[in-house]
Amino acid sequence: MTRPLTLNARAAVAGRIVLAMGGGYAVAALATAFLSLTLPMPRAEAVTAATLLSFPIMVAIVVVVFAARSLGRAAAIVGAIGLGLGLALRLVTGSFPFGFGS
């Protein structure tokens, strides 16, 4: 016989789903932008390759979110990856992504 899930357990799963969707999308978008600018090939091919690579990146983020011990740790991992990609994109372009900062 299985125990019913508590409200805390349900909220943790819901939080992981939201983090996996939102964080996965954000990290994949940042990775796509970064790779589009840095891959050593013609622009159209670089954008295509970066877009194709964004799908396994998003899947990897979903796996990381559900493999982490806690929702807080998962959020810290996704946030650190996103911050690192954002800073790398800042170095490549000279400005923050999506118009943030100066």
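A few notes on this one:
- Look at Ile77, Ile17, Ile61 and count the other Cβ atoms within 10 Å of each Cβ; fewest to most, that gives Ile17, Ile77, Ile61.
- Long hydrophobic helices in the chain: the complete DSSP H runs spanning 18 Å or more by Cα along their own axis with mean Kyte-Doolittle hydropathy of at least 1.6 are 43-67, 71-93.
- Computed [θ] at 222 nm, helices only, for the chain once each DSSP H run of length n ≥ 4 contributes -39500 (n - 2.57): -28000 deg cm²/dmol
- All alpha carbon pair distances within the chain were sorted into 10 Å bins beginning at 0; the resulting P(r) in whole percents reads 15, 37, 28, 12, 5, 2.
Every number here is computed from the coordinates shown, using simple stated rules; none is lab data. Model, not experiment: these values are computed from the prediction. Positions of Cβ are backbone-derived with ideal geometry, glycine not excepted, and every protein chain shown enters the neighbour counts.
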